[in-house]
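> Have a look at this one before I ask anything.
Just so it is clear, none of the values below were taken in a lab; they were calculated from the coordinates. Just so it is clear, the model here is predicted, and its values are computed rather than measured. Heads up, the Cβs are rebuilt from the backbone with ideal geometry, glycines too, and the neighbour counts pull from every protein chain shown.
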Amino acid sequence: MNHTLNDLQALAINMIKQEKWLKKPVFLYEPVNYAMSQGGKRIRPLFVLLAADMFGFKSMEKCRSAAVAIEVLHNFTLLHDDIMDNSPFRRGKPSVHKQYNTNMAILSGDTMFAIAIEKVFESEEHIAGKLAKVLAKTAIEICEGQALDMEFETRKDVTIEEYIEMVRLKTSVLIGAALKMGAMIATANTKDIELLVNFGENIGIAFQIQDDILDCWGNIETFGKIKGKDICDNKKTFLYLKALEIADNENKGKLLQLFSDKEMEQTEKINKVIALYENLNIRNIAENMMKLYTEKAFINLQNISVIPSFKTNLFNFANTLLTRKK
């Protein structure tokens, strides 16, 4: 371990900030610049740096291309996700398709995907092709996850196991890929890379369950999204699926009715669903499930063959993520 967590976080943020996103034609690149200039912790590029640092890699500059590529890919998926979900906000600001228009957002998102692939090929020649393969596979898996998420909106037989797999694809594989790329740059061995990917995917699942919880019990000032958006969109979240699983017939009927009602005013619907969740102790159940995946992740991390002190930054950062309010 060569750097502090604060040093690596500042470096990840600066790597994205130093990129020049705005160029001609402005019509195309202005939405790209808008999407990439929203700030944030730059979690995925930081995971690239944390993984490389954990294996004793000294030259963080050699991780720049992979770090930037993974962040561009992430923001591309968010941009198109917001279009499909018709989300008005992202990180507390108008989403790209609302700030500009849908056609511009689609075209700029397509460009961002190509930029991510182009960027990763700026890595050192001996590793660039391998990193690009990871990035492309991850993009496909994210699309698979998004497809499942959309399919679940109209299905009445979604299981919790199917939901977890959707989350793994849509959210977790990107964290696993960021860690894998950093470890590959640092020439870690195959077993340690596999453990690190498993760590990332389990953290990602815990992170998404936490996101489900915050959707109901967070607020826009801290969470950056409208409260109850998943309920309004009839998303089959862990909360909803668990409630259906444990509710008696009366409460199950109420929940199914609420999720099929297209006329009810949104605030009323949100409040009624949350009240039902609270009656069933769903928040506590979800928090316990989140802890289960967190524990799985930390067992993976514990088994990686580097000295414990080299794992401290990754352990601390994961803990920070999982105690967030936004």
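> Sort 34-42, 49-57 for me by packing, meaning the mean count of neighbouring Cβ atoms within 10 Å per residue, highest on top. Intermediate values should be presented prior to the final figure.
Working: 34-42: 17.3, 49-57: 24.7.
So the order, starting with the most tightly packed, is 49-57, 34-42.
> Also, quick follow-up: Quick one: work out Rg over Rh on the C-alpha atoms of the chain, Rh as Kirkwood radius.
Details: Rg = 20.0 Å, Rh = 20.5 Å.
Ratio value, two decimals: 0.98.
> Take T190 and I140, extend 7 Å from each Cα along the Cα→Cβ direction, and tell me the distance between the two endpoints in nm.
Once both label points are built, they end up 2.0 nm from each other.
> If I model a spin label at K93 and A10 as a point 7 Å from the Cα along the Cα→Cβ vector, what separation in nanometres do I get?
Those two pseudo-labels are separated by 2.3 nm.
> If amide H atoms are built 1.01 Å from N in the plane of the peptide, which residues on other chains or at least 5 residues away come under 5 Å of the amide H of R90?
For R90, the qualifying residues are S95.
> Where the eigenvalues come from the Cα gyration tensor of region 140-220, what are the semi-axes √(5λ) of the equivalent ellipsoid, largest first, in whole Å? Intermediate values should be presented prior to the final figure.
Values: eigenvalues 147, 46, 21 Å².
Output for region 140-220: semi-axes of 27, 15, 10 Å.
> By average Cβ neighbour count within 10 Å, what is the ranking of 209-218, 111-120, 141-150, 241-250 from highest down? Don't skip to the answer; put the middle values down first.
Working: 209-218: 21.1, 111-120: 19.3, 141-150: 17.6, 241-250: 14.8.
Output ranking for 209-218, 111-120, 141-150, 241-250: 209-218, 111-120, 141-150, 241-250.
> Taking +1 at the Cβ of each Lys and Arg and -1 at the Cβ of each Asp and Glu, which of Y34, G204, F113 sits farthest along the dipole of region 5-321 towards its positive end, judged by Cα position relative to the Cα centre?
Y34
> A further question follows. Given a cut-off of under 8 Å on Cα pairs at least six residues apart, what relative contact order in percent is computed for region 5-321?
Details: 419 pairs, mean separation 61.2, N = 317.
Relative contact order here is 19 percent.
> Suppose R0 equals 30 Å; then what is the FRET efficiency for K17 and K262 from their Cβ-Cβ distance, rounded to the nearest 0.05?
Details: r = 43 Å, r/R0 = 1.44.
For R0 = 30 Å, the calculated efficiency reads 0.10.
> State to the nearest 20 debye the size of the charge dipole of region 156-199 about its Cα centre, where the only charges are +1 on K and R beta carbons and -1 on D and E beta carbons. Walk me through the intermediate numbers first.
On the way: 5 positive and 6 negative charges, 36 e Å.
The calculation lands at about 180 debye.
> Determine ³J(HN,Hα), in whole Hz, for all residues of region 275-289 in sequence, where each value follows from phi through the Karplus function 6.51 cos²θ - 1.76 cosθ + 1.60 and θ = phi - 60°; x replaces Gly and Pro.
4, 5, 4, 5, 5, 9, 6, 5, 4, 5, 4, 5, 5, 5, 5
> Might you report the magnitude of the Cβ-based charge dipole of the chain about its Cα centre, with Lys and Arg at +1 and Asp and Glu at -1, to the nearest 20 debye? Don't jump to the answer; show the numbers that get you there.
Working: 42 positive and 42 negative charges, 182 e Å.
For this selection, approximately 880 debye.
> Here's another thing I want to ask about it. Label K58 and T111 with points 7 Å out from Cα along Cα→Cβ: what is the distance between them in nm?
4.0
> Now for a separate question. Just rank Y100, Y240, fewest to most, by other beta-carbon atoms within 10 angstrom. Mind showing how you got there, number by number?
Working: Y100 18, Y240 24.
Sorted ascending by nearby Cβ count, the order is Y100, Y240.
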